C-alpha cells in the first residue's frame, strides 16, 4: 500500500510505564497498529517537558522513574485512524491524544521526483 496525499497523524502521549495486559501500552498500541495493517507507527521517547500537573519531566539521573513519557505516532487515512482509535480506547488511561491533518508525500526508491 502506498500512502500519499491528505491523511491524519495520530499522536498518543503516555507514560512509559503504563501497562496493558502485562505489556507496555506503547508496545500494545504498535502491535495493534501492525495487526490492523496501518501504514506505520513510531514511538518517541520524551527528553524533557511538562504535562497537566506542571511537573517538569526530564531524562536525567534525578528524574523520577515513574515520570517518563513516550509519544506514539501513527499516520494513515482518516477512516482507518478513527476506527483504530475506537479499538484501542480501553488502553488509553491518563493519555493525551491528538489528531491533525498530515500531507503525506511518498518517496519511491530510485525515483527522483516526489509523489504529491
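Identify all residues within segment 23-41 that are exposed (fewer than 11 other Cβ atoms within 10 Å of the Cβ) and either under 11 Å from the mean Cα position of the chain (by Cα) or modelled with pLDDT under 95 (or both); write none if there are none.
Passing the criteria: only 37.
Taking residue 54 and the conditions (1) at pLDDT 90 or above; (2) out of contact with any strand residue (DSSP E or B) (no Cβ under 8 Å at 6 or more places or on another chain), which numbered condition does it fall short on, given that it satisfies the others?
With (1) at pLDDT 90 or above; (2) out of contact with any strand residue (DSSP E or B) (no Cβ under 8 Å at 6 or more places or on another chain) applied to residue 54, the lone miss is (1).
Where residues in segment 82-98 are at pLDDT 95 or above and touching a strand residue (DSSP E or B) at 6+ places or on another chain (Cβ under 6 Å), which of them is farthest from residue 29 (Cα to Cα)?
98
Here are some conditions: (1) free of Cβ contacts under 8 Å to residues at least 24 places away in the same chain; (2) in contact with a helix residue (DSSP H, G or I) (Cβ under 7 Å, 6 or more places away or on another chain). Residue 47 meets all but one. Which one does it not meet?
The single condition residue 47 does not satisfy is (2).
When you scan segment 4-21, do you find a residue that is over 17 Å from the mean Cα position of the chain (by Cα), farther than 19 Å from residue 99 by Cα and at pLDDT 95 or above, even just one?
Looking for residues that are over 17 Å from the mean Cα position of the chain (by Cα), farther than 19 Å from residue 99 by Cα and at pLDDT 95 or above, one finds at least one in segment 4-21, hence yes.
The values are calculated or read from the model by the stated rules, or taken from the named source; none is laboratory data. No experiment lies behind these values; they were computed from the predicted model shown. With ideal geometry, Cβ positions are generated from the backbone for all residues, glycine too; neighbour counts draw on all protein chains shown.
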